Amino acid sequence: MTLSILTNTMAASAARSMGQAFMALSKSTSRLSSGLRITTAADDAAGLAIRELMRADIASMHQGIRNINDAISLIQTADGAASVIDEKLIRMKELATQASTGTYTSDQRLIIDSEYQAMASEITRIAKATSFNGIHLLNGNLSAGPGDVAAYHVGSPLVSSGPLKVHFGQGNNCAEDYYYIGNATASALGVGLGAATVNGASVSTQQLAQLALDALGQAIVSKDKIRANLGALQNRLYAVTNLEIMAENLQASESRISDLDIAQEMTQYVRSQILSQAGTAMLAQANSLPRMALQLMGA
């Protein structure tokens, strides 16, 4: 090897090796500080693409879980209001039974009817006032249409109509996302002055009171159907467990692709650190070689 003072080949080689060691050390430091095996696309381009797709699916599933929990809260709100309507209907049937007997005068039946109509008005008020996040639940806005209920959902206006759409995520069938809640106003139940027929409209006479008993029985059945449907919807929405399992498994898969093996990377870090230190020491030695040429020159 030629001894030269212009070109120090050994120093250049040592500097190159030291640079590579420092680059590896920098990469290990970045990975260890972030906990990720893939910090840039250069680390694993295909793995990065798979990871981002998985992350998108995981985020969508977690939002689907929140959607389901919100829907369960909505249904519980509707069921709570329906239980109060239940109490009003029971009181109305009690009043109709009271007015049906012949031991009361017409004036007394009018007094009974005033409470009867007040109960009907309260049922309508509850049905129209019950809402969740501005969505009215029992006033008929979410009632099912004939045939395919999904075809009758209109979500473009400010006030949506038709069955309620509860979306879980990208993997579910949109045709099965629709849930309906029946109309629980007094007129829809067939009681009170707004009823379509005289049956159940009033208990101001003994005859009307007796007719109201049958109408109230049907109204209670209609209300029970609404509550039973709400219970069935709530039980169905407990599919949240399935989404949670899917999200958990997908997150585990994403972790295997993206997360760093700390033990393995720490071994690489120590190796790069030793090589960097050795490269620095050898570069210092290589830089001292040109001094030998000066000694030959008598300097």
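The values are calculated or read from the model by the stated rules, or taken from the named source; none is laboratory data. Since we're looking at a predicted model, the values are computed, not measured. Quick reminder, even Gly has a Cβ in these numbers, built from the backbone with ideal geometry, and neighbours come from all protein chains shown.
On the stretch given as region 87-132, residues that are among the basic types (Lys, Arg), in contact (Cβ under 8 Å) with a residue 24 or more places away in the chain and out of contact with any Asp or Glu (no Cβ under 9 Å at 6 or more places or on another chain) total 3.
Being surrounded by fewer than 18 Cβ atoms within 10 Å (Cβ to Cβ) and without any contact (Cβ under 8 Å) to a residue 24 or more places away in the chain: is that true of residue 207 here? Full working, then the answer.
Details: surrounded by fewer than 18 Cβ atoms within 10 Å (Cβ to Cβ): yes; without any contact (Cβ under 8 Å) to a residue 24 or more places away in the chain: yes.
The answer is yes for residue 207.
Of all residues in region 102-122 being more than 21 Å from residue 188 (Cβ to Cβ) and hydrophobic (A, V, I, L, M, F, W, C), which is nearest to the chain's Cα centre (by Cα)? My answer is 112. Is region 98-116 home to any residue that is touching a His at 6+ places or on another chain (Cβ under 8 Å), polar (S, T, N, Q), surrounded by 17 or more Cβ atoms within 10 Å (Cβ to Cβ) and at pLDDT 85 or above? No, that holds for no residue.
Across region 117-132, which residue is farthest from residue 92 (Cα to Cα) among those that are β-branched (Val, Ile, Thr) and part of a helix (DSSP H, G or I)?
Of the residues in region 117-132, the ones β-branched (Val, Ile, Thr) are 123-124, 126, 130.
Now drop any that are not part of a helix (DSSP H, G or I), which leaves 123-124, 126.
Values: 123: 11, 124: 13, 126: 15 Å.
Among those that are β-branched (Val, Ile, Thr) and part of a helix (DSSP H, G or I), it is 126.
Assess whether residue 53 counts as being exposed (fewer than 14 other Cβ atoms within 10 Å of the Cβ) and either within 37 Å of the chain's Cα centre (by Cα) or within 30 Å of residue 243 (Cα to Cα) (or both). Yes, satisfied.
Inspect all residues belonging to region 35-51 and state whether any of them is farther than 30 Å from residue 296 by Cβ and touching a His at 6+ places or on another chain (Cβ under 7 Å).
No: zero hits.
The residue that is surrounded by the most Cβ atoms within 10 Å (Cβ to Cβ), among those in region 210-229 that are within 33 Å of the chain's Cα centre (by Cα) and closer than 16 Å to residue 123 by Cβ, is 226. Filtering 73, 60 for residues that are out of contact with any helix residue (DSSP H, G or I) (no Cβ under 6 Å at 6 or more places or on another chain), of a type outside the set (A, V, I, L, M) and within 21 Å of residue 128 (Cβ to Cβ) leaves a single hit, 73. Of all the listed residues (232, 263, 286, 278), the sole one being part of a helix (DSSP H, G or I) and exposed (fewer than 12 other Cβ atoms within 10 Å of the Cβ) is 263. Contact annotation: residue pairs with Cβ atoms under 6 Å, 6 or more positions apart or on different chains, pairing a residue in region 6-21 that is closer than 12 Å to residue 285 by Cα with a partner that is of a type in the set (S, T, N, Q), are 11/287.
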